[in-house]
Amino acid sequence: MEIVEYRPEHAEAFRALNEAWISKHFVLEPKDREVLGDPEGQILAKGGRIFMALDDGRPVGCVALLKMADGGYEVAKMTVAEGLRGSGVGKRLMQACVDEGQRLGGRRLYLETNSGLAPALALYRAMGFRDLAPAETAYARADVFMERPL
């Protein structure tokens, strides 16, 4: 298992991995379609990063860091293929975010999630994220807001 920076050939896997988990629990929203349809333009060109988890070269997980106006980075579009959840891949992806956020001089990591995603919440809390007050968001499913200082 290795964590690598996104390359254009990962676009389909990035979209498919995210559509699978979102569609299982929620409804794909317009903002999802916009980001998943153009990760290079919507994330990378705006100063963000994407990491892919590869198992023997096959994409099995991903996460994005979106550059924020306040000097932080939003953790977004994080998922691991269903058969590998609980295997530590998510923790490795999150550690890549922490490391990259620090390397880039970010002041914090921020994320929005849903209270029904207990395993994700447990991972975020174990990685040092703390709850914030509710905020305005582009996602109807987001009801938990968290941050981690860098």
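The values are calculated or read from the model by the stated rules, or taken from the named source; none is laboratory data. Since the structure is predicted, the reported quantities are computational estimates derived from the model, not experimental observations. Glycine gets a Cβ as well: all are built from the backbone with ideal geometry, and neighbour counts include every protein chain shown. To get the accessible areas, we keep the full protein, side chains included, count just its heavy atoms, and leave off ligands, DNA and RNA. Shrake-Rupley method; radii C 1.70, N 1.55, O 1.52, S 1.80 Å.
Give me the residue from the range 105-135 that is within 17 Å of residue 150 (Cβ to Cβ), open to solvent by less than 70 Å² (accessible area, probe 1.4 Å) and free of Cβ contacts under 8 Å to residues at least 40 places away in the same chain and, out of that set, nearest to the chain's Cα centre (by Cα). Looking at the filtered set, the residue picked out is 111. Scanning the range 66-90 for residues that are more than 17 Å from residue 21 (Cα to Cα) and open to solvent by 80 Å² or more (accessible area, probe 1.4 Å) returns 67, 69.
Yes or no, residue by residue, for (1) more than 18 Å from residue 138 (Cα to Cα); (2) without any contact (Cβ under 8 Å) to a residue 40 or more places away in the chain:
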| position | (1), (2) |
| --- | --- |
| 14 | yes, no |
| 26 | no, no |
| 36 | no, no |
| 44 | yes, yes |
| 47 | yes, yes |
| 51 | yes, no |
| 59 | yes, no |
| 78 | no, no |
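Out of everything in the range 7-35 that is among the charged types (D, E, K, R) and outside any helix (DSSP H, G or I), what residue ends up being most open to solvent (accessible area, probe 1.4 Å)? So the residue we want is 7. Restricting attention to the range 49-65, the residues that are more than 18 Å from residue 19 (Cβ to Cβ) and either surrounded by fewer than 20 Cβ atoms within 10 Å (Cβ to Cβ) or at pLDDT below 95 (or both) add up to 4. Only one of the numbered conditions (1) under 24 Å from residue 150 (Cα atoms); (2) β-branched (Val, Ile, Thr); (3) more than 15 Å from the chain's Cα centre (by Cα) is violated by residue 27, and that is (1). The residues of the range 36-57 that are part of a helix (DSSP H, G or I) and within 21 Å of residue 92 (Cβ to Cβ), listed by number, are 39, 44.
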